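Below you'll find the structure, written out as structure tokens, and then a few comments.
The values are calculated or read from the model by the stated rules, or taken from the named source; none is laboratory data. No experiment lies behind these values; they were computed from the predicted model shown. Cβ coordinates were reconstructed from backbone atoms using ideal geometry, including for glycine residues, and neighbour counts include every protein chain displayed.
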Amino acid sequence: MKLLIIDRDHTERTGIKWFITHYQLEITTVFEVGTIEEAVNCIELESPEIILLELELLAYDSKNALKTMLAIHPHQLITMTAEPLFKNALEALSLRSLTLLVKPLDLNLLKHYLTHASRQDFQTEQGHLSLTKQYSIYPAIFLEDSFAEHEEFTYCMLFETEFAKHNEQLFHWLQSLQLSNHFTFYPLSKRIIVFSNDGTIEECTKKAKSLIREWNNSNDAHLNIAIYDLPNQSIKTMYTALKQALNLRFQSGFSQVFYVSQLPIYEKFNHFLTIEQQRLWINSLEQNDAQAVKQFLYNISNMNTFYQPDAIRIHLTSILAQVRRFMLKYQMDKMIDVEQKYDLLFDITLNHPMLYTIIQEFVLFCQEVMNQAVQQKEQGQFDYVNGALDYIDIYYTDSKLTLDTLANFLGISGSYLSMLFSTTKGVTFKQYLNEKRLSHAGDLLRETGLSVNEISAASGFNDPNYFSKVFKAKYERSPLAFRRQEKLEGD
């Protein structure tokens, strides 16, 4: 039986050839090549029954000559890669590879698959190879009806590092531990799916915790492991549930073992700040009330209640919008270092895997912004329009709020404020105030059973008739018709 090694690294080829010739495998002849052209010629002339292919070499197969040759000639294919990425797994699948081995090669695995390949019957159909068995589980992770032949396993697990860039390092580290008697590892782009043959959940948990400690000690990095501890289902079903379990890291942190059976019921969480919360933030920032800021943020990270991570992230971005306005009010957008820190916090809020870290960074940034505002006030650095917007956010439901009232608060004339407002916002003060009040009225019509007169007063309008007139002009229907329509759409 003939075997062809296709690898750019001469040392790698020599090492594999030595291993094959010294371990009495059922292979009589070994060829080795390092280029696409050499590979095509060898396959055409020698028709090797087994091919060991370095996937990265396909990047040089611009005319698909090697892929075409692989499709025409019957063979058993084993692929290799230095990067255990999902795209490489898909490439291996498309080539009908028996397996995808990751460098540095586990020689026991290589021997296993070479032995398996040498004992296969070859069948061709319409110029393509039909494999008698398929050992890859990758299709079964993403396709419910995909069949995956796999050795019997007791538990399915999912490993995840603190940062996805460490996933390849984790995979190589796991391979170096010689755990093939207990675990089988399949790398994905951000995680590693693992099959365990432990007899009990206690045994599986003990080994998982040991791996977490060893990874932390040897790499100074964190690892989470999720275990599917319910009766085994399809691999896709288990993988989906394990990903949900790993999401608990957002509030629980790292160096944890999570169980699918203990997935919590997520509480409903308002994506955006309520009017009262907006006012709380405006006042807290203005008054340099660091304690109120801390208390609000720490309440979000309450460990006794679980919320969907995306809902919390959106909520935090709405807080950032309030902080941003505060920065603009005191002209901090002109401070490069503060702007850079704001951009960094925004990125952390959207992407960091742990809520605790996000909250800590939030608190530190808010404290810095509030302290900077004190200095800006002393230097007379103040943006009147953003100051006006803050004041309107707090008092727009007060029917006594007027342009002159706001101008007096800011210490400027009404005509100057009117000019600033129109120039900056593109609408008059009255138009902006009415828009704010009407939006609030719409919320009350949707969410309460208050009468139109009560909603008119609660939204800052003295005259219910005027309220109905401007409401209809905005929404093209009366307040009562608006409520009926919203109720129908809600049902």
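Data overview
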quantity: Pairs with Cβ under 9 Å, 6+ apart, first in the range 437-454 and more than 18 Å from residue 475 (Cα to Cα), second in a helix (DSSP H, G or I) and polar (S, T, N, Q); calculated: none
quantity: Residue in the range 393-400 that is surrounded by fewer than 13 Cβ atoms within 10 Å (Cβ to Cβ), modelled with pLDDT under 90 and not charged (D, E, K, R) present; calculated: no
quantity: Residue match in the range 190-199 (condition: modelled with pLDDT under 90 and of a type in the set (Lys, Arg)); calculated: yes
quantity: Per-region count, the range 18-40, residues β-branched (Val, Ile, Thr), touching a residue at least 60 places away in the same chain (Cβ under 8 Å) and in a helix (DSSP H, G or I); calculated: 1
quantity: Odd one out for residue 228, checked against (1) under 16 Å from the mean Cα position of the chain (by Cα); (2) at pLDDT 95 or above; (3) buried (at least 20 other Cβ atoms within 10 Å of the Cβ); calculated: (1)
quantity: Within the range 308-337, tally of residues that are closer than 19 Å to residue 361 by Cβ and aromatic (Phe, Trp, Tyr); calculated: 1
quantity: Residue in the range 312-321 that is polar (S, T, N, Q) and either assigned by TED's automatic domain parsing to the domain that holds residue 444 or assigned to a loop (DSSP other than H, G, I, E, B) (or both) present; calculated: no
quantity: Test for residue 65: is it touching a Phe, Trp or Tyr at 6+ places or on another chain (Cβ under 7 Å), more than 21 Å from residue 15 (Cβ to Cβ) and small (Gly, Ala, Ser); calculated: no
quantity: Test: residue in the range 355-365 that is crowded, with 18+ Cβ neighbours inside 10 Å, part of a helix (DSSP H, G or I) and out of contact with any Phe, Trp or Tyr (no Cβ under 8 Å at 6 or more places or on another chain); calculated: yes
quantity: Extreme residue, modelled with the highest pLDDT, among residues of the range 74-96 that are farther than 16 Å from residue 138 by Cα and crowded, with 18+ Cβ neighbours inside 10 Å; calculated: 77
quantity: Filtered residues of the range 190-204 (kept if surrounded by 14 or more Cβ atoms within 10 Å (Cβ to Cβ), out of contact with any strand residue (DSSP E or B) (no Cβ under 6 Å at 6 or more places or on another chain) and not charged (D, E, K, R)); calculated: 197, 201
quantity: Sole exception among (1) crowded, with 16+ Cβ neighbours inside 10 Å; (2) under 19 Å from residue 48 (Cβ atoms); (3) modelled with pLDDT of 80 or more for residue 103, by number; calculated: (2)
quantity: Residue match in the range 283-304 (condition: buried (at least 19 other Cβ atoms within 10 Å of the Cβ), more than 25 Å from residue 329 (Cβ to Cβ), out of contact with any Asp or Glu (no Cβ under 7 Å at 6 or more places or on another chain) and hydroxyl-bearing (Ser, Thr, Tyr)); calculated: no
quantity: Counted residues, the range 1-45 - those being of a type in the set (Asp, Glu), modelled with pLDDT under 90 and touching a Ser or Thr at 6+ places or on another chain (Cβ under 9 Å); calculated: 1
quantity: Pairs, first farther than 19 Å from residue 395 by Cβ in the range 279-302, second part of a loop (DSSP other than H, G, I, E, B) and modelled with pLDDT under 90, C-beta under 9 Å, six or more apart; calculated: 300/269
quantity: Odd one out for residue 51 among (1) at pLDDT below 90; (2) crowded, with 19+ Cβ neighbours inside 10 Å; calculated: (1)
quantity: Hits in the range 252-278 - residues which are in contact with a His (Cβ under 8 Å, 6 or more places away or on another chain) and not in a loop (DSSP other than H, G, I, E, B); calculated: 275
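For (1) more than 37 Å from the chain's Cα centre (by Cα); (2) in a loop (DSSP other than H, G, I, E, B); (3) without any contact (Cβ under 8 Å) to a residue 40 or more places away in the chain, each residue gets a yes or a no:
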site: 42; (1), (2), (3): yes, no, yes
site: 53; (1), (2), (3): no, no, no
site: 88; (1), (2), (3): no, no, yes
site: 93; (1), (2), (3): no, no, no
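Table: residues versus (1) surrounded by fewer than 17 Cβ atoms within 10 Å (Cβ to Cβ); (2) closer than 24 Å to residue 471 by Cβ; (3) not assigned by TED's automatic domain parsing to the domain that holds residue 462.
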| position | (1), (2), (3) |
| --- | --- |
| 378 | yes, no, yes |
| 409 | yes, no, no |
| 415 | yes, no, no |
| 419 | yes, no, no |
| 431 | yes, yes, no |
| 442 | no, yes, no |
